[in-house]
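The values are calculated or read from the model by the stated rules, or taken from the named source; none is laboratory data. These figures come from a predicted structure and were not determined experimentally. Cβ coordinates were reconstructed from backbone atoms using ideal geometry, including for glycine residues, and neighbour counts include every protein chain displayed.
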């Protein structure tokens, strides 16, 4: 009988040690997974997990590197940028391109914070996967091709105009009044703006 008790005791100790080892491995895997997350990953997780299925809001407060606060609702993500709806803007349904490098910090609710740490969502459709590989200069070149009037926000303020060309690390903006189309006679000046100075592009 004593031998049976001894073996039962040893078996219990072994099971406890195995469970503790599994918990340690799981905790280490989780630390490694979180260590690989980027700000983009966190924003994508909030966007993918919030909305219809639960009561977590997709609207995220962002503090830009200039110190300015904006509230955005993500629409799509590129490699180093996101498109979003600007909330609380005077213009209805204003949209923007937000370079991820311009983000100083995210102000998340507790629910958004927890959601942002969830494992990767299901694989995105092919078109979203393609968009996720596009860089900021590619998006700006598309705006240039469309001759879209935009507001470029930098640390010194907003400037309105039309992109004439986009280089590897800068853009040329022909500035003009917002109520006039881009015509040579309407151009006030030409600005070459380094991309690292671009905080937000409002469409």
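Candidates in segment 37-62 are the residues that are loosely packed, with under 15 Cβ neighbours inside 10 Å and modelled with pLDDT under 90; of these, the one that is nearest to residue 86 (Cα to Cα) is 57.
Within segment 69-88, the only residue that satisfies the criterion of being surrounded by 15 or more Cβ atoms within 10 Å (Cβ to Cβ), in contact with a strand residue (DSSP E or B) (Cβ under 8 Å, 6 or more places away or on another chain) and either assigned to a loop (DSSP other than H, G, I, E, B) or assigned by TED's automatic domain parsing to the domain that holds residue 178 (or both) is 80. Of the residues screened, residue 114 is one that is at pLDDT below 95 and under 17 Å from the mean Cα position of the chain (by Cα). Taken over segment 168-198, the residue count meeting the criterion of being part of a loop (DSSP other than H, G, I, E, B) and either farther than 12 Å from residue 137 by Cα or without any contact (Cβ under 8 Å) to a residue 12 or more places away in the chain (or both) is 10. The residue that is surrounded by the most Cβ atoms within 10 Å (Cβ to Cβ), counting only those in segment 182-203 that are farther than 11 Å from residue 161 by Cβ and more than 30 Å from the chain's Cα centre (by Cα), is 183. For the list (1) surrounded by fewer than 12 Cβ atoms within 10 Å (Cβ to Cβ); (2) modelled with pLDDT under 90; (3) not in a helix (DSSP H, G or I), I need the number of the one condition that residue 127 fails. The failed condition is (3). Of all the listed residues (165, 141, 145), the sole one being part of a helix (DSSP H, G or I), farther than 24 Å from residue 64 by Cβ and at pLDDT 95 or above is 145. Considering 106, 117, 195, which residue is touching a helix residue (DSSP H, G or I) at 6+ places or on another chain (Cβ under 9 Å) and outside the structural domain of residue 71 (by TED's automatic domain parsing)? Among 106, 117, 195, only 195 is touching a helix residue (DSSP H, G or I) at 6+ places or on another chain (Cβ under 9 Å) and outside the structural domain of residue 71 (by TED's automatic domain parsing). Just wondering, is there one or more residues in segment 2-10 that are part of a helix (DSSP H, G or I), modelled with pLDDT of 75 or more and surrounded by 10 or more Cβ atoms within 10 Å (Cβ to Cβ)? No.
Taking residues in segment 125-145 that are more than 21 Å from residue 44 (Cα to Cα), and partners anywhere that are modelled with pLDDT under 95, the pairs with Cβ atoms closer than 8 Å and at least 6 places apart or on different chains are 143/203.
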